[in-house]
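Notes follow the structure.
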Amino acid sequence: MQARIVAAARGVLWLGEGWQLFRVAPLAWLALACVYLLGTNILALVPVVGFIAALMMVPALTVGMMAAARAASHGVQPSVRMLAEGFRNEGRAQLALGAVYFLCSMLVFGGTSLADPDAKLRSILGGSAQPGELAPGELVLPLAVFALSYAPVLMMFWFAPPLAAWHATGTLKALFFSFVACLMNWRAFLAYAAAVAVMMLALPLATLLLLRAFGGANLGLAVASLVFPLLLVMLPTLFASFYVSYRDVFGVEKP
């Protein structure tokens, strides 16, 4: 198995093709997204152990969502039982990936906390402070530390779960191959990141501004009413695009 370099424009198309896979069976995808979000969030409520378990399950659940995308690419309706794909295929490798992901996440959180000694970023994320209450400059350092420290983690885990589950590469090889494949295709991933930023930030912001300008809507209420539906739609679209990128970079045959 060998990664290949794809054109930069493919990064934008990954997202578009992910949306097409979502459109195959939107209700089934929404059910998957609800189970994924509710399951991991409820598990994370269990003190200490639940939070650790939720993080360690991320790679295996990623395989499950990508299995749903693979099914959709063959015209098969995704089902909730597909979420268990990662636990059925190379479960020990997925558990090992989960342990590595947990350790990497702790390092990222630790570094971000050191760069955010007054917990200003955490207060916003936790809902105890509003973005407007803080000067933008106060958030630059913690956000930069988070982005720079999480980027290599994201590269290692972008392809690692399916490589371990579907190609039996083993944990360390899967992490290495994933990192190198992302590095080889940095142009496509840069284009993908730009497309995701437009989808996740620019379009919702434009919608909110229109609501505020023409409808006189309360901005806080508008945000609350848009966030969860947007997340439900975007999560399966993003996971489907992960599968498209894996299929593209590793030359997996299209149906």
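Tabulated data
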{"item": "Boolean, ALA28 is more than 19 Å from MET184 (Cβ to Cβ) and without any contact (Cβ under 8 Å) to a residue 60 or more places away in the chain", "result": "yes"}
{"item": "Pairs where the first residue, in region 1-25, is over 21 Å from ASN185 (Cα atoms) and the second is of a type in the set (S, T, N, Q) and surrounded by fewer than 20 Cβ atoms within 10 Å (Cβ to Cβ), C-beta under 7 Å, 6+ apart", "result": "LEU21/SER73; ALA25/GLN77"}
{"item": "Single residue of PRO152, PRO131, PRO136 found to be at pLDDT 90 or above, surrounded by fewer than 18 Cβ atoms within 10 Å (Cβ to Cβ) and over 19 Å from THR237 (Cα atoms)", "result": "PRO152"}
{"item": "Condition check for LEU121: modelled with pLDDT of 90 or more, assigned to a helix (DSSP H, G or I) and farther than 21 Å from SER241 by Cα", "result": "no"}
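Conditions (1) open to solvent by 20 Å² or more (accessible area, probe 1.4 Å); (2) at pLDDT 95 or above, marked per residue:
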residue: TRP186; (1), (2): yes, yes
residue: LEU203; (1), (2): yes, no
residue: ARG212; (1), (2): yes, no
residue: GLY215; (1), (2): yes, no
residue: ALA222; (1), (2): no, no
residue: LEU232; (1), (2): yes, no
residue: THR237; (1), (2): no, no
residue: TYR246; (1), (2): no, yes
residue: GLU253; (1), (2): yes, no
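The values are calculated or read from the model by the stated rules, or taken from the named source; none is laboratory data. Since the model is a prediction, treat every value here as computed from it, not as a measurement. Note that we place each Cβ from the backbone using ideal geometry, even for glycine, and neighbour counts take in every protein chain shown. The accessibility values were calculated without ligands, DNA or RNA, using every heavy atom of the protein model including side chains. Shrake-Rupley method; radii C 1.70, N 1.55, O 1.52, S 1.80 Å.
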